[in-house]
Each structure stands twice: as C-alpha cells, then as structure tokens.
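Novice: Take this structure first; my questions come after.
Just so it is clear, none of the values below were taken in a lab; they were calculated from the coordinates. Predicted, not measured: the structure shown is a model, and the values here were computed from it. Don't worry about glycine lacking a Cβ; one is built from the backbone with ideal geometry, like all the others, and counts go over all protein chains shown.
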Amino acid sequence: MKITAADVIVTSPSRNFVTLKITTDEGLTGLGDATLNGRELAVASYLTEHVTQLLIGRDPHRIEDTWQFLYRSAYWRRGPVTMAAIAAVDMALWDIKGKAAGMPVYQLLGGASRTALRTYGHASGRDIPELFDSIRQHLEEGYKSIRVQSSVPGIKALYGVAAQAQATGERYDFEPAGRGAQPTEEDWDTRAYLRHVPTVFEAVRNEFGPELPLLHDGHHRMTPIQAAKLGKSLEPYDLFWLEDVTPAENQEAFRLIRQHTTTPLAVGEVFNTVFDFQTLIREQLIDYVRAASTHFGGISPLKKVMDYAAQYQIRSGFHGPTDVSPVGLAAQSHVGLAIHNFGIQEYMEHSKKTNTVFEQSMTFVDGYLHPGDSPGLGVELNEEAAASFPYQQAYLPYNRLTDGTVHDW
Ligand code: CS2
Ligand code: MG
C-alpha cells in the first residue's frame with residue numbers, strides 16, 4: 001500500500017478544527033487531528049508546507065518509522081505546532097492500519113482492558129446554587145465524576161465558568177476560543193481564589209455527600225507554595241485530582257508541592273513529549289498524565305508515556321476538551337481502552353454542528369465512553385459539511401492581575 005494524497009481540512013463548526021486526511025492507492029483513508037486551539041493555521045501550514053509532500057509514496061503501515069522520520073529529520077524537535085502535526089499523521093496511519101486489518105485501533109494496541117472509559121464532566125456556576133444545578137444536570141446525564149469550577153468573589157471574569165445559565169444550551173460557552181481579531185481579557189487574584197475554593201468544595205460535599213469523585217483545575221495560576229497550600233486546604237474534601245496547579249516547565253516545582261499535600265495531582269495538557277513528564281513520572285510527583293493525543297504526537301507516544309508511567313502506578317487522565325476534535329478524542333479513547341493504567345477520561349460533548357462534520361461510532365452511555373468497534377478510529381469526515389463552516393480567527397482569553405500584570409493561565 002502507498003500513500004497517494006494528504007490533505008489538510010480546516011473547518012469551524014462552533015470552533016476551529018484542523019484535520020489531516022491521508023489517502024492510499026488501495027482506497028483506504030485515515031484521519032488525524034491537528035487542532036491547536038487559537039493557533040490552528042500554524043499547524044495547518046506546517047503540514048501543507050513541510051509534511052504532506054513527504055508522505056506521498058510512503059507505506060502507510062510503517063507508523064513508527066514515519067513518526068521517527070518526521071520527529072528526527074526536521075532537526076527542530078518538539079513544540080506544540082510540530083507535535084500536533086506529527087500527531088495528525090500518526091493518528092491517520094493508525095486509522096488506516098485499523099481499516100486494513102478490519103479492527104478498531106484498540107484491538108491493535110493489545111485489546112480492551114475494560115468494557116468502557118469512565119469520564120468526568122464539567123460543572124460550573126457563578127454562585128453555589130448555579131453550580132449545584134450544573135452538577136445535578138451532569139449527574140442526570142450519567143456522569144459519575146464531576147469537575148467543579150466556580151466564580152470567585154472579586155474576580156470579574158474567570159475561565160472555566162459558564163456565563164450562561166446551563167439551560168440555554170450553551171453549557172460550555174467558556175470553552176470555544178473567542179472569535180475575533182483580539183483575545184478577551186480576564187482578571188485574576190490568587191489570594192481571593194485560595195480563600196474561596198475550599199468553601200466551594202465544602203458546600204459541594206455537604207450537598208452531594210462523600211462518594212462523588214470531584215476534580216478541580218487550577219489552570220497553572222499558582223506559585224508552588226500557593227499550590228501546596230491549596231492542595232492542603234482541599235484535603236478534607238477528598239478530591240479525585242487537582243489539575244495544573246503551577247506551570248510545569250519547571251518540573252522540579254512539583255517536589256515542593258508533593259512534600260506538602262496528599263491531594264492527587266494531574267498535569268500535562270500542554271505537554272508535547274515524554275521529556276516534559278520525565279522528572280514528574282520518575283520521581284512520582286504526579287498521579288495522572290493529562291496529555292492529549294493531539295498535542296503529544298499521536299497514539300504511538302501516548303501509549304509509550306503510559307507504559308513508562310505504569311512503572312510508577314501513575315494513571316491516565318487524557319485531556320478531552322472540545323478543542324480536541326472527535327478524531328483526537330477517538331484516538332486517545334482507543335489508547336485508554338487498551339492500557340491497564342487508565343484513570344479517567346475528560347469528556348465535554350462536542351456541539352451538534354461539530355458532530356455533523358465528524359461522523360462517529362463513539363458512544364457515551366451512563367457516564368462511560370467507548371470508541372466503538374468500527375475498523376480504525378471510528379470517525380469519518382463529512383467534507384461537504386466541513387466546507388460549509390469556514391475558519392474564523394479565534395483566541396483563548398488571557399488574564400491580568402489587579403495592577404495590570406499579565407498572569408499565567
Ligand atoms: C482545560 C481546557 O479541559 C481542561 O482541563 O484546561 O479547557 C483548556 O483550557 C483548553 O483546552 C485550552 O485549549
Ligand atoms: Mg485543564
């Protein structure tokens with residue numbers, strides 16, 4: 001078999017997605033997700049200008065060789081743009097291999113280690129009653145674990161909190177990057193946040209009891225000692241995990257946090273390679289690997305980092321927001337189904353528009369996700385529908401402290 005075409009499709013059904021479609025001389029096609037939220041065209045251009053011509057004529061079965069070729073031959077390794085482009089190629093080749101074998105990709109990765117993937121959903125509210133409504137709605141929909149984000153008195157605009165009442169249907173209105181020529185500005189006050197968050201979890205535990213697994217995302221906004229303080233103050237509420245408490249470019253920062261708290265830690269949604277996890281895993285400084293197949297070079301490296309993590313009893317918690325396309329979500333769901341050290345899968349349903357463009361065999365039943373048993377990844381692109389949603393420039397928001405300083409997020 002030989003690759004005869006590699007096309008990049010940019011579409012914006014509710015939000016922007018970049019998809020690579022690889023075609024072979026035997027008529028089999030494969031899809032890969034190359035979406036980098038707010039920087040979509042950089043990856044599309046990396047693929048069309050530097051990668052697609054290298055694929056023509058190659059044997060699509062040689063996934064590992066193609067991955068190593070793209071990673072090593074460029075000389076310039078790593079980084080989100082490069083690794084999202086390589087991820088798309090890797091996923092598309094696994095998709096083709098699965099179709100050629102007549103098997104879903106998880107079978108090629110060793111077969112299912114469980115019947116389905118337990119997920120967590122995103123509840124949020126501007127105040128406690130709104131948050132409780134959001135949690136109840138998620139529980140009614142079958143979610144068994146809940147991420148809790150809430151507004152903080154003194155902070156006017158905070159990422160991760162839906163501004164609309166959940167009933168409007170725009171339940172994750174914070175998640176699509178804002179469309180327009182400039183990013184929107186939010187604000188941040190760490191002291192106010194650190195004071196408020198434990199009171200929110202106390203209220204949630206009082207209302208929903210001790211059993212419900214609860215998660216929280218800190219979006220990299222604390223220093224290590226502030227992060228340690230938050231982990232410690234949340235210990236009475238028994239979190240499933242506390243995510244991205246501090247920027248992790250400096251992996252050693254987690255030694256300090258770990259010495260102070262037993263709250264489980266999840267890190268890695270912005271990581272691109274195993275090297276970003278090296279110290280965190282080897283020194284057992286985290287509990288969950290948050291990488292996304294799309295930003296981590298695809299299925300092949302995701303499986304490898306999880307095999308490394310398994311030696312240290314560290315589990316998966318792959319990044320599954322709506323900016324990971326249905327192709328990327330399917331790719332990591334096949335990995336999650338196959339590995340032994342699966343932890344949980346983040347799941348935010350894609351919009352109806354998105355689901356008309358990406359036709360999927362994925363199912364979500366009673367809080368459990370399954371990639372389906374179609375050969376390959378189980379996602380097909382409706383190119384006509386894709387063409388009806390042209391790209392729109394979009395940015396993630398950024399935030400400033402009260403004195404005007406740009407802050408981490
Ligand atoms: C978040 C995401 O899902 C998460 O945990 O951190 O909403 C993240 O901010 C976006 O995916 C950024 O692209
Ligand atoms: Mg996150």
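Novice: Looking at the square roots a ≥ b ≥ c of the eigenvalues of the Cα gyration tensor of the stretch 262-359, which shape do they give, rounded for a/c under 1.5, prolate if a/b is larger than b/c, or oblate?
Specialist: In terms of gyration-tensor shape, prolate.
Novice: Roughly how far apart, in whole Å, are the Cα centres of the stretch 1-76 and the stretch 385-401?
Specialist: Rounded to whole Å, the Cα centres lie 21 Å apart.
Novice: Convert each backbone phi in the stretch 34-47 into a coupling constant with the Karplus relation 6.51 cos²θ - 1.76 cosθ + 1.60 (shift: θ = phi - 60°), then list the ³J(HN,Hα) values in order as whole Hz, x for Gly and Pro.
Specialist: So the Karplus estimates, Gly and Pro as x, are 10, 7, 10, 3, x, 9, 4, 6, 5, 6, 4, 6, 4, 5 Hz.
Novice: State the Cα centre-to-centre distance between the stretch 261-288 and the stretch 128-161 in whole Å.
Specialist: If we compute the Cα centre of each part, the gap is 26 Å.
Novice: Peptides 199-210, 85-96, 351-362: what's the order by average Cβ count within 10 Å, highest mean first?
Specialist: Answer by packing, highest mean first, reads 85-96, 351-362, 199-210.
Novice: Tabulate in residue order the Karplus-calculated ³J(HN,Hα) for the stretch 150-155, using 6.51 cos²θ - 1.76 cosθ + 1.60 with θ = phi - 60°, rounded to whole Hz; enter x for Gly and Pro.
Specialist: Going residue by residue, I get 9, 4, 10, x, x, 10 Hz, with x marking Gly and Pro.
Novice: Which of the lysines could be linked to LYS156 by a straight reach, that is with a Cα gap under 28 Å, when you skip same-chain ones fewer than 8 residues away?
Specialist: LYS229, LYS232
Novice: Taking K and R as +1 and D and E as -1, what net charge do the other residues with C-beta under 11 Å from the C-beta of GLY142 add up to?
Specialist: -1
Novice: Based on the mean of other beta carbon atoms within 10 Å per residue, what is the order of 48-61, 285-298, most packed first?
Specialist: 285-298, 48-61
Novice: Between rounded, prolate and oblate, where does the stretch 117-374 land on the alpha carbon gyration tensor, with a ≥ b ≥ c its root eigenvalues, rounded for a/c under 1.5, else prolate if a/b exceeds b/c?
Specialist: Here the stretch 117-374 falls in the rounded category.
Novice: Determine the sum of side-chain charges near THR262: Lys and Arg each +1, Asp and Glu each -1, restricted to other residues whose C-beta is under 12 angstrom from that of THR262.
Specialist: -1
Novice: Could you check the simple spin-label distance between GLU359 and GLU202, using points 7 Å along Cα→Cβ, in nm with one decimal?
Specialist: Going by the 7 Å Cα→Cβ label model, 5.4 nm.
Novice: Ok, one more. Cross-link list LYS303/LYS353; LYS21/LYS97; LYS99/LYS304: which exceed 25 angstrom alpha carbon to alpha carbon?
Specialist: In this structure, LYS303/LYS353 exceed 25 Å between Cα atoms.
Novice: Over the Cα atoms of the stretch 3-103, what is the Rg over Rh ratio if Rh follows Kirkwood?
Specialist: With Rg and the Kirkwood Rh in hand, the quotient comes to 0.96.
Novice: Add +1 for every Lys or Arg and -1 for every Asp or Glu among the other residues with Cβ under 15 Å from the Cβ of HIS340, and state the total.
Specialist: +4
Novice: Helix 80-101 versus the longest principal axis of the chain: what angle, 0 to 90°, nearest 10, using Cα atoms?
Specialist: That works out to roughly 60 degrees.
Novice: Counting other C-beta atoms within 10 Å, which of TYR75, TYR237, TYR398, TYR106 has the fewest, and how do the rest follow?
Specialist: TYR75, TYR398, TYR237, TYR106
Novice: Still on this structure: Around VAL289, which amide H atoms from residues at least 5 apart in sequence, or from another chain, sit under 5 Å from its own amide H, with H modelled in the peptide plane?
Specialist: Placed amide hydrogens put ARG315, SER316, GLY317 under 5 Å from VAL289.
Novice: In addition: LYS352 to ASN382: extension gain in nm, 0.36 nm per residue of separation minus the Cα-Cα distance?
Specialist: Taking LYS352 through ASN382 to full extension adds about 9.5 nm, to one decimal.
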